[in-house]
Amino acid sequence: MQLIELNGRSYRLPTRPTVVICADGCDPAYIEAGLEAGVLPTVARWRERGFYALADAVMPTFTNPNNLSIVTGGPPSVHGISGNFALDRESSAEIMMTDPEMVRGETILALMSQAGVPTAAITAKDKLRRMLGSGLDIGRTGICFSSEQADRCTLTEHGIEGVEALVGRAAPDMYSADLSLFVLDAGIRLVEEERARLLYLSLSDYVQHGHAPGEPEALAFHRALDERLARLEELGCVVAVTADHGMNDKALPDGGPHVLFLEDILNAQFGAGAVRVICPITDPFVRHHGALGSFVRVYRKTDLPLAALAHSVRALPGVDAVLSRAEASALYELPYDREADLVVTGDRNTVIGASTAEHDLSALAGHRLRSHGGASEQTVPFLLSHKLTLDYLRLSQSQRLRNFAIFEFALGGVTP
Ligand SMILES: [Zn+2]
């Protein structure tokens with residue numbers, strides 16, 4: 001039996017098509033609501049005859065850190081990606097964390113591809129594509145593209161061309177449920193044509209940001225997801241589903257967002273320019289959350305004493321945790337060299353922003369803000385199409401599962 005090793009875990013080379021899905025923003029509440037409404041027959045069957053548990057996502061509960069954890073099998077302290085957006089301590093530049101150069105070490109996908117396993121990584125948003133595809137043997141065993149840019153794939157860059165023809169429809173709109181469904185359909189086509197044996201399909205949380213679990217739009221999306229799971233099962237795949245984070249309502253009773261503009265509050269108290277607050281959820285291409293999440297980083301711009309700063313932040317209503325650089329790195333397994341002076345998280349109903357001027361809330365008009373980032377969005381589903389082996393069943397019972405164990409379970413932990 002052939003194995004690859006990475007970050008202290010072993011992975012069996014797949015002998016049958018194995019599909020790991022990161023259902024972006026799939027809070028377990030969506031699964032519960034879908035089961036109750038009867039729109040998730042495949043999930044219901046797998047829960048009965050395969051495996052279902054609740055697992056922890058990594059902090060911060062944002063897309064990029066969790067996607068990188070899933071494909072490396074380790075926390076952010078291992079792969080270095082601690083947000084979608086960051087302040088670079090060396091240059092003081094504010095940068096997107098999307099550059100493959102920022103990822104430390106290898107990914108499971110890269111090692112599998114290099115070991116000769118036909119491997120495909122398909123993402124909804126193109127911003128994740130280069131990091132997830134890093135190290136794939138593109139053109140030989142590696143395929144990597146996004147549904148967002150499915151109309152411009154080339155053999156040299158993506159290892160595939162003609163994706164729209166393959167899937168049978170045009171590349172979807174950036175702001176649509178189809179951005180995710182297209183990813184799943186493309187994965188199904190690659191399995192049908194035996195062009196990939198290991199697949200990582202990473203969806204978008206567009207639907208979950210806009211709709212609560214019982215709403216018709218959310219139920220319709222999850223029904224469509226379930227239909228794709230059924231098709232993958234029919235094709236003989238081992239299928240594993242987890243999420244990068246959950247999702248909670250972050251609105252006030254009047255419908256407006258429940259937000260603390262922390263940079264404004266602290267600079268009013270300690271003097272203009274005293275601190276810079278970075279919102280690691282920031283994504284210039286996504287408008288549905290106004291860059292408001294429940295985890296921010298605070299950098300001092302003066303010699304302000306840290307204790308006084310932390311004391312003030314702790315007194316604010318809606319704040320969940322206030323941690324120093326060392327505490328946050330240790331507790332959340334984050335890379336210390338990329339960590340801020342303070343990490344601040346919001347509670348279940350609160351998001352934290354920087355300054356009012358930086359957040360465009362116009363796209364929220366008419367709907368309640370739903371978002372993530374804190375510890376209240378850490379619980380995610382961990383679903384497998386097949387039963388666990390006795391060893392892995394015991395392992396799952398002896399400890400709280402992490403979402404980033406999903407590849408290990410899918411490849412080595414299920415019965416034939
Ligand atoms: Zn996400």
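Worth pointing out:
- Cα centroids of segment 383-416 and segment 259-314: 39 Å apart.
- Cross-link reach is defined here as a Cα-Cα straight distance under 15 Å, omitting same-chain residues fewer than 8 places apart; for K387 the aspartates and glutamates meeting it are E48, E233, E408.
- Carbon and sulfur %, accessible surface of the chain computed with the full protein complex present, 1.4 Å: 50 percent
- Per residue, in Å², the accessible surface of segment 128-186 once ligands and nucleic acids are set aside, probe 1.4 Å: 39 Å²
- Separation between Cα centres of segment 1-28 and segment 104-124, rounded to whole Å: 10 Å
- Once both labels are positioned 7 Å from their Cα atoms along Cα-to-Cβ, the gap between R195 and D391 label points is 3.5 nm.
- Surrounding net charge for N7, when Lys and Arg each add one and Asp and Glu each subtract one, Cβ distance under 11 Å: -1
- Averaged over its residues, segment 313-416 has an accessible area of 41 Å² per residue, based on protein heavy atoms and a 1.4 Å probe.
- Springs between Cα atoms under 10 Å define the GNM used for the chain, and in it the highest mean-square fluctuation of P75, P17, P100 occurs at P100.
- Only one residue of L304, A363, A330 has its Cα farthest out toward the positive end of the dipole of segment 294-380, where Lys and Arg carry +1 and Asp and Glu -1 on Cβ, and that residue is A363.
- Note on E157 and E101: with the Förster distance fixed at 22 Å, the Cβ-Cβ geometry gives a FRET efficiency of about 0.85.
- Relative contact order of the chain, defined on C-alpha pairs under 8 angstrom at six or more residues apart (%): 27 percent
- For segment 46-80 and segment 173-227, distance of Cα centres in Å: 18 Å
- Computed FRET value (nearest 0.05) for A307 with D264, which takes r as the C-beta separation and R₀ as 22 Å: 0.55
- In this simple spin-label approximation, E217 and S398 carry label points 7 Å from Cα along the Cα→Cβ vector, and these lie 4.5 nm apart.
- Residues whose amide H falls under 5 Å from that of F295, counting only those 5 or more places apart or on a different chain, are G346, I352, with hydrogens built in the peptide plane.
- Top positive-direction residue, dipole computed over the chain with Cβ charges, set T15, C26, I278: T15
The values are calculated or read from the model by the stated rules, or taken from the named source; none is laboratory data. All of these numbers come straight from a predicted model, not from anything done at the bench. We place every Cβ from the backbone using ideal geometry, glycine too, and count neighbours over all the protein chains shown. The protein model used for the area step is the full one, side chains on, heavy atoms only, and it has no ligands, DNA or RNA in it. Shrake-Rupley method; radii C 1.70, N 1.55, O 1.52, S 1.80 Å.
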